[in-house]
Structures are given as C-alpha cells and as structure tokens.
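Just so it is clear, none of the values below were taken in a lab; they were calculated from the coordinates. Worth saying up front: this structure is predicted, and the values here are computed from it rather than measured. Using ideal geometry, Cβ is built from the backbone for each residue, glycine included, and neighbour counts are taken over all protein chains shown.
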Amino acid sequence: MASITFQGVERVFHQNGKAFVALKDVNLVVQDREFVAIVGPSGCGKTTCMRMAAGLEHPTGGSVSVDSEIVTGPGPDRAVVFQAFALFPWKTVWDNVEFGLISLGVDKAERRRRIEHYIELMGLHGYEQAYPHQLSGGMQQRVAIARAYVLDPKVLLMDEPFGALDAQTRVVMQEELVRLARQHPRTVLFITHAVEEAVYLADRIVVMTGRPGTIREIIDVKSIRTQENWDQHARIEDVMDQPSFVHLRSHVWKLLRSSGAADAH
Amino acid sequence: MLQPRLPAARTAWLTLVGAGGFLLIWTLAALSGMTSRNFLPTPWDVVIRFAQLVVEPFAGFTLFQHLLSSFRRFATGFVLAVAVGIPLGLLMAWFVWVDRIVSPAFDAIRFVAPIAWVPFAALWFGTGIGGPVLIIFMGAFPPVLINTYRGAKNVDRKYIEAAQMLGASHFRAMTQVLLPAAVPSIVAGLRISAGLGWQSLVGAELIVASSGVGYLMVKGQAAVSTATVMSGMAAIGVVGVLIDIALRRLQQSIETRRGL
C-alpha cells in the first residue's frame with residue numbers, strides 16, 4: 001500500500017528580504033497504484049511538488065508523506081525518472097540499471113533476473129553494454145525508466161520524462177508507458193505541461209495554476225476512460241480521436257487558460 | 001589582430017631559423033675565447049659529454065643509472081601525492097566538514113615552493129630517499145588535490161540527485177559518481193602535478209642526494225664542467241617531455257572512451 005499525501009504544503013522562498021510564495025495550500029492524496037498527472041504552466045510549482053515527494057526539496061509549511069511516513073530525503077523507494085535522464089555517462093546501460101539494486105542489497109542472481117526482465121520489456125535487448133552517449137534520447141529515457149522500475153519502488157515519480165524527446169519518439173514512449181503501467185501498476189506521480197499526454201496517461205489529473213502555485217481542480221479521467229473503453233484502441237491517435245477524449249482535453253485547456261497560463265501551448 | 005595560421009613549410013623554416021640561429025650564436029660565443037671551454041662549451045661539446053656520460057660513470061654512476069635513481073624518487077613522490085590527493089579531494093568535495101578542517105591547513109602550505117622544503121627535508125631525512133620524496137610530494141600534491149576537489153565539486157547536480165535517489169552510500173557516491181565524473185579534471189591535474197614534481201626533484205637532489213641527475217649536475221658544477229651540467233639539464237628536459245607525453249596519451253584515451 002503506497003500512497004503519497006500532500007498536506008497543506010507550502011513553499012516560500014526568501015530573496016533580498018522579500019518572500020516569494022512558490023506553492024500554497026497544496027492538498028492531494030495519490031492513492032495506491034493510482035496514476036496521477038499534474039499539469040500546469042511553467043513555473044507553477046508542479047516539479048517542486050514532485051521533488052518534495054522525492055525528498056530532493058522540502059516544504060516550508062505542511063508535510064509530504066509516503067505511506068504515512070514523512071519524506072525526509074531521497075531513496076530507492078521513491079524512484080525518479082528525470083527529464084534530463086541523469087544516466088551515469090561512465091557506466092554501461094546494464095550498470096546504470098543495476099546501480100540502485102546494489103544499494104538495496106539485492107543478490108546477484110536476483111539482480112540479473114530483474115535487470116533482464118526490464119531490459120527486455122523496455123526494448124533494450126542488445127544494448128546492455130552500450131554507453132549512454134551511444135544511445136538516442138528515447139533509448140536513454142527507456143534506460144532511465146528501467147532503472148526506476150527495477151527497484152520495485154513504492155512510488156514512481158516522473159518529471160516531464162518525455163520533454164526532451166522529439167514528437168514522434170514522445171508518442172511511442174507514451175504508448176509504451178501506458179502498456180507498462182497497465183501491466184505493472186504502481187503509484188505514479190507524473191509531471192507534464194502537455195495536456196494531451198496527461199489525459200492519455202492518467203487516472204486523475206491535477207490542474208495547477210501559478211503564482212502562487214496551487215491546485216485549481218482535480219479531474220477524474222479513469223471513470224471516463226473505463227466507461228468509453230479507450231484501452232481497446234492500441235494506437236494513441238485512435239484514443240485521441242474519441243469524442244470523450246477531445247472533450248476532456250478541451251476542459252483541461254480551458255482551466256489552464258482561465259488561470260492565466262499565457263505560455264501554454 | 002590575430003594572424004592566420006602559417007603554412008607548414010613556413011613554420012618548419014622559421015623553427016629551423018630560430019633553433020639554428022640560437023645554436024650558431026652559442027657556438028660563436030663559445031669559440032670566441034672570451035671564457036674557457038670548460039666554462040662555456042659549444043653545443044657539440046655538450047653532445048659529446050652527454051654520450052660519454054651514457055657509457056662512463058661520473059659521480060658514481062652512468063647517466064642512465066642517475067636518471068633511474070631520480071625517476072624512482074619521482075615515482076614514489078608522485079604516487080604518494082596521487083594516493084593521498086585523490087581520496088582527500090573526494091572527501092573534501094563530499095563532506096563539507098572535511099573541507100572546513102583541511103582547507104585552512106592546505107592553504108597555508110600550498111604556497112610554500114617545493115624547494116623551500118629542502119632545509120626541512122635535510123634535517124629530517126639527511127641524504128636518504130625521504131628528502132627528495134618529500135619535496136616531490138610537496139610539488140605534486142597541491143594540483144592533484146585541487147583538481148580532484150574542483151572536478152568533484154563541479155559534478156552536475158543531476159548525477160548527485162540520481163545517486164541519492166538510487167540509495168548510494170557515501171562510499172559509492174564518492175567512488176562511483178564523484179570520482180568518474182572528476183576524472184577529466186583529475187587527469188589534467190596529473191599532468192601539471194607530474195611536471196611540478198619532476199621540476200622540484202632536481203632542486204631536491206642538488207642538496208639532499210648522493211645519486212640522481214640533480215646530484216650529477218652539482219658534481220659537474222664542482223668539477224667546473226658546464227658540459228656535464230648541461231647534459232644533466234638535457235636529460236631532465238627529455239624525461240620531463242616523455243612523462244608529459246605519456247600523461248597526455250592517457251588523457252586523450254580517457255576522453256575518447258567517454259565520448260567527449
């Protein structure tokens with residue numbers, strides 16, 4: 001049972017004697033095995049929320065907890081997939097994926113089993129001994145996802161993981177992630193500024209506004225998805241053609257626009 | 001205004017003119033008789049003397065034996081500097097409290113020229129190997145420490161965060177993340193370090209040795225044989241260049257492996 005709880009979270013920065021409120025009054029519970037996406041304009045604090053769940057940043061008010069334990073620092077139970085991949089350039093694909101498992105004290109045979117499973121799943125077969133710089137962006141992010149999944153974490157945190165990829169690779173990765181998420185359901189907090197991506201991937205969407213960053217509305221996508229049976233369509237473009245999808249996407253856009261998201265695209 | 005690069009033929013010609021001119025002036029000055037041939041030998045005299053030293057012992061050993069003696073001291077001091085400098089640099093970069101403790105002491109010492117450690121070395125080690133090794137260490141250590149520290153400190157934050165997220169212990173973070181990331185900086189530091197160490201060596205041997213190239217030069221000076229002294233200088237120069245070339249190769253091979 002792994003849930004993420006944001007309770008009255010606030011993040012205030014002090015600069016030159018002035019207080020800048022980055023996040024205010026954030027209350028959210030991500031249920032066990034729920035896929036929650038946070039959408040919002042740049043600078044609304046959505047990445048900060050994820051980083052607080054990861055333990056890379058801390059709230060100045062309120063608390064962030066995973067399974068009722070307050071988050072104090074980073075760890076393999078809250079695996080992160082970074083926008084910039086953050087794979088170790090001096091390690092092979094295999095060694096990168098293995099790194100966290102060694103920290104967890106998993107024995108060699110089990111490590112091999114798990115790594116081979118996710119290498120296969122992420123389509124990395126044959127690339128085990130390659131170095132990150134030899135791989136395309138999409139491949140590198142697959143390695144990063146494998147690296148996170150292989151830890152069997154309580155919670156998966158993804159910070160605009162497809163943001164650095166080209167449009168076509170992005171779509172492929174989204175389809176793969178959906179397949180992966182349905183096959184190995186976990187608690188996921190997914191950050192993105194791309195509305196379509198959020199509607200396609202998430203069970204619920206948290207729409208945030210900026211300055212100060214706060215939650216505008218939380219939308220239930222799963223009920224619509226199951227009702228309209230989007231999963232019957234294997235291809236993303238078929239899902240995105242569904243009237244229910246289009247309607248939902250519009251709704252989210254309108255929310256973002258009315259909250260002054262001038263640079264939303 | 002920056003001039004465009006000269007064609008290769010022109011460069012070769014100018015180099016020849018420069019070197020040739022230098023040797024010519026030197027030869028003329030030596031032959032002019034203004035001082036004795038012992039005092040100012042011609043370039044050819046030096047070449048002859050160099051060849052002699054290769055086969056005939058002087059001050060106890062042949063040139064290569066002296067060089068080997070010097071190189072042994074250099075290697076010991078250099079390896080010691082690396083063995084202490086790299087781990088300490090990593091520890092200082094990772095643990096702020098280690099930085100706070102070590103920095104003041106380090107800053108106090110680093111500006112003392114290696115040569116200035118000679119009297120201290122003489123008192124403590126006499127003419128044993130310890131003296132020159134200490135001085136070489138004092139020359140080689142600061143660049144290794146500084147470059148390791150800087151390289152580790154400048155590691156992209158995202159790798160540190162990834163390592164922490166992946167549950168790395170302090171030891172694994174330092175050895176598997178900081179160290180590899182800092183390698184380009186460390187290797188650059190090694191080149192500087194080796195150069196300084198080798199240069200300091202001679203100064204050390206002038207005073208606290210009974211073998212080695214520096215010792216050879218001092219004995220040459222005592223015998224008023226400038227040709228001997230210059231042969232020593234040439235040997236030092238050649239070995240210094242070879243050490244640098246070796247390290248430069250190392251640097252290049254590391255850079256290719258990393259895809260830089």
Extreme residue, nearest to the other protein chains (Cβ to nearest Cβ), among residues of region A:60-86 that are over 18 Å from the mean Cα position of the chain (by Cα) and among the polar types (S, T, N, Q): A:T72
Within region B:114-149, count every residue that is among the small types (G, A, S), surrounded by 14 or more Cβ atoms within 10 Å (Cβ to Cβ) and over 12 Å from B:V82 (Cα atoms). 4
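Which one is surrounded by the fewest Cβ atoms within 10 Å (Cβ to Cβ) among residues in region B:150-166 that are of a type in the set (K, R) and within 14 Å of chain A (Cβ to nearest Cβ)?
First pass over region B:150-166, keeping only residues of a type in the set (K, R): B:150, B:153, B:157-158.
Then drop every residue that is not within 14 Å of chain A (Cβ to nearest Cβ), which leaves B:157-158.
Details: B:R157: 10, B:K158: 14.
The qualifying residue surrounded by the fewest Cβ atoms within 10 Å (Cβ to Cβ) is B:R157.
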Complete set of residues in region A:26-54 that are in a strand (DSSP E or B) and surrounded by 15 or more Cβ atoms within 10 Å (Cβ to Cβ): A:V26, A:L28, A:V30, A:F35, A:V36, A:A37, A:I38, A:V39
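Looking for something assigned to a loop (DSSP other than H, G, I, E, B) and in contact (Cβ under 8 Å) with a residue 24 or more places away in the chain - is there at least one such residue anywhere in region A:105-117? Explain how you work it out, then say what you get.
Initial filter on region A:105-117 (assigned to a loop (DSSP other than H, G, I, E, B)): A:105-107.
From what is left, the residues that are in contact (Cβ under 8 Å) with a residue 24 or more places away in the chain are none.
Checked against the condition, which is being assigned to a loop (DSSP other than H, G, I, E, B) and in contact (Cβ under 8 Å) with a residue 24 or more places away in the chain, region A:105-117 yields no hits at all.
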Check every one of the helices (runs of 4 or more DSSP H) wholly within region A:201-259 and list those with 1 or more residues that are without any contact (Cβ under 8 Å) to a residue 40 or more places away in the chain and surrounded by 19 or more Cβ atoms within 10 Å (Cβ to Cβ). A:222-228, A:236-241
Out of the residues in region A:87-138 meeting the condition of being touching a Phe, Trp or Tyr at 6+ places or on another chain (Cβ under 6 Å) and buried (at least 19 other Cβ atoms within 10 Å of the Cβ), tell me which one is nearest to the other protein chains (Cβ to nearest Cβ). A:N96
Out of (1) facing chain A (nearest Cβ under 8 Å); (2) under 14 Å from A:S103 (Cβ atoms); (3) aromatic (F, W, Y), the odd one out for B:F171 is which? (1)
Determine whether region A:164-183 contains at least one residue that is part of a loop (DSSP other than H, G, I, E, B) and within 14 Å of chain B (Cβ to nearest Cβ). yes
